Amino acid sequence: MFQSLCGTQTYKNVVVLTTFWDQVEPEVGARREAQLQSNFFKEVIQGGARFMRHNRTPKSAGALLSHVFNNLVPVTTQIQIEMGKEGKSLVDTAAGGVQQEEIERVVAKHKKEMADLKAELEAIKQSNTAARRELEEERSKLRQQLARWESEKAELKEGLDKERGARQKLEADIATERENHKKWRQEQELKFDARSNTINKAPQKTAAIQPTVRGLGVGYTENIDLKLIYIGNPNAYQFAQSEQYPPYLKSIPRKDRMSIFDIFNFSALTETAATLLFGSPTSPSMQSVYQIVARNRELHTKSRESARNGRPDFKPDMHFNKNIGLRDDWYTDAAFGQQQFTGTNATTITLAPQRWIEEFKTVSNVQQRADVASLLTDHPGSIFIQDYSDFRSAMGVSPSYEFTSDGRYGCSSVVLFHLEPEGKLHPLAITLDYKGSMKESVAIFNRRISSTIPGDEAEDWPWRYAKMCAQCSDWLRHEVAIHLVNTHLVEEVIIVSVNRAFDPSHIVFRLLEPHWSTTLPLNAAARETLVPKIIIPLTGFTPKQTYAFLKDSYSKFEWTALYIPNDLNRRGFPIEDLDKHKYHNYGYARNISRMWNILRRFVQTVLEDAYPGGDAQVASDRSVFAFYQDVRSSSGGQLSSFPDVKTLDELIDFVTMCIHIASPQHTAVNYLQQYYQTFIPNRPSALFSRLPQSLAALQKFTEDDVLSALPIRRPREWWIMAHVPYLLSFEMPQDSTILHYATTASNSRSNPSAIRKAAGALRNDLDVFSRDVYRYSLELDDQQTPYEVLDPGRTAISILI
């Protein structure tokens, strides 16, 4: 498209600017630059383009501008030649042709799909009515899509013709207006000259005009009778209630509406939609885990080679970026343990309560594992747990209930870890599916009580299966509770209540509004499509059970307990100890605690300026009072754990938490899904064979049993299971990061001075922190998978996807 728009004759005027040279080693940067020159920009370089480096200094910026203004001679672009000199319409240009080809390709694709469906309809005329009706519906949808594409094609041509006519008329009107204005100026100058000869030049008295200043904070008034008054826009922002979801916005205001094509990457969305409608492409039959790994490598290599070869039709797919299956040790205890610290869900690993230590000690004695019992007795302060045992109570089923849905199986595992003195988190024991007591459950202990003990982990199939059960349990906890509820849906309640209670000029509104982009329409799409049609059909739980778990997760959301300092201390990771060697592998904790402090300092600076009256002014703020009452109300947000906000510190914490949820917390639990979850054996969403009902049965497990638990014979579910994390993990544009927000907010004259000043300090803090992100990553024992997701240059400003 670039070549079609600009033409090869403009390549000599192209500058490819590479950045962040101040954050990488010179050799690393030079190597990456050489790759860009020899691969992605090879043709442009051959045409005369120049590479330049910017290290965020005035000198390098000046060098760029000097080159552009002093050395480059303007040239006419290809599209200017075609439209200006040759008189072509946009659709007849080379660029228009590229767009036209894409439309034609999609139209042809839909026509073929319609033909295929028609043939399939003919083949099943004698089959059951329900199947025929479903195919008719799909055919109707495709016909509508085809009609839409044909209509858009016609509208594109018609719109371009109208635009050209309107542009010509506008140019004529401007010329006329310019001529009229010239005549008017000449007349005014003549009148002024005539009047200036007689004008009285005595000085005139002028009245002083006092400017009116509208405050962005609330005025400080003592002893206000705080009645529940909504100062914001409660009519446009109303809560809706349902049996499946927490309270949500009843109707999205027009200004906030977006289509799914504005939210998701188009290529990934269409690829996922095609999988839902027509099933997955055929793939070779997998007879071993080795073949699955080899196939994953093959697809990754093929995607990368297509990019390197510069194929014009190449578009990155879910195999283009790396996933954990490319690691030789993806299945090991070390990789499994490290995922609790730097994986998609690094937020729930917790110091084991004494109750669980005692239960596992009892089982270890029964299974004659005295070494485990001794470790649990001697080092209770270093025993950690991932506890999914509450699934049955949350879903309202009995302790003995077997989770199954349409040939898929779910489980509620309990996993015990030892945080070793050197900082490795080593798995000790796993209960596959906790059914109210250890006696009724199947528990297995790791043969290797320490990470330093050698063993053939590749052939330990019972233990590998147990870890797969644990990852399956964590898939549900992460996707539904940690990701969907604790970020998306909680943030929506905050957005609605803030809009109901606060005037847009209020300083709290001004602080929070930048962190709402895309969230409301994205959540609506999740309720309408993602959860009922994709997430639930991937799990081993029924829709009723999944919705019950979702609502239960919301009811258990503890607002102040999840403030990062409180949360980490509660889970056994003291803030003051995070830089000690024992915790050096907990990348999420080290990064998120720093980010919390940075955000809180920013919020504190702004609110201390806006509330000079301190606690009394906050306590008398009608909007703050209305807000927290609305969040807790049974007819409002129903978030019972939300605190009173009556002091300045409480207000600072509340605003910090809102930004934290929307920005770094959502980034941490969302953007690693592609890496850890597109390779299905690492984190399956469900199991596809019944769980073993005894330890003896589990101990007989072989590779075939592990394979049967994967959706090998159900390729559509395999494909969707991989596509969903791929769809949800696209990196955000640079103008949607928190670093970009800090930069623009500090320079925007539309912001209150308090926000501008604080944003400048925020930018400086984030710059320093970005270097620490890379330092923390380099300090990890696991150097195969960097943990850089919370780099401010990659941290989304809001819940964008």
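In the set Asp649, Asp609, which member is surrounded by fewer than 22 Cβ atoms within 10 Å (Cβ to Cβ), touching a residue at least 60 places away in the same chain (Cβ under 8 Å) and part of a helix (DSSP H, G or I)? Can you show your working first?
Details: Asp649 fails: touching a residue at least 60 places away in the same chain (Cβ under 8 Å).
Checking each option against the conditions leaves just Asp609.
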Hits in segment 533-566 (condition: part of a helix (DSSP H, G or I), touching a residue at least 12 places away in the same chain (Cβ under 8 Å) and under 23 Å from Gln339 (Cα atoms)): Ile535, Leu538, Ser553, Leu562, Ile564, Pro565
So if I check each of Gly87, Gly48, Gly29, which one is at pLDDT below 85 and more than 37 Å from the chain's Cα centre (by Cα)? Gly87
Would you point out the residue of segment 761-791, among those that are without any contact (Cβ under 8 Å) to a residue 24 or more places away in the chain and in contact with a helix residue (DSSP H, G or I) (Cβ under 6 Å, 6 or more places away or on another chain), that is farthest from Tyr586 (Cα to Cα)? Asp791
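Can you work out which of the residues in segment 83-95 that are touching a residue at least 40 places away in the same chain (Cβ under 8 Å) and part of a helix (DSSP H, G or I) is farthest from Leu5 (Cα to Cα)? Break it down stepwise before answering.
Here is the first cut: in segment 83-95, the ones touching a residue at least 40 places away in the same chain (Cβ under 8 Å) are 89-91, 93-95.
Those still in the list that are part of a helix (DSSP H, G or I) too: 90-91, 94-95.
Values: Leu90: 10, Val91: 12, Ala94: 7, Ala95: 5 Å.
If we take residues in segment 83-95 being touching a residue at least 40 places away in the same chain (Cβ under 8 Å) and part of a helix (DSSP H, G or I), then Val91 is farthest from Leu5 (Cα to Cα).
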Within segment 692-724, tally of residues that are outside any helix (DSSP H, G or I) and surrounded by fewer than 21 Cβ atoms within 10 Å (Cβ to Cβ): 6
Failed item, numbered, when Ala589 is tested on (1) in a helix (DSSP H, G or I); (2) without any contact (Cβ under 8 Å) to a residue 40 or more places away in the chain: (2)
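Name every residue in segment 727-746 that is at pLDDT below 90 and more than 13 Å from the chain's Cα centre (by Cα), in order of residue number.
Taking segment 727-746 first, the residues at pLDDT below 90 are 727-735.
Selection gives Gln734, Asp735.
The values are calculated or read from the model by the stated rules, or taken from the named source; none is laboratory data. As the structure is a computational prediction, the values presented were derived from the model and not from experiment. Virtual Cβ from ideal backbone geometry, glycine too; neighbours counted across all protein chains shown.
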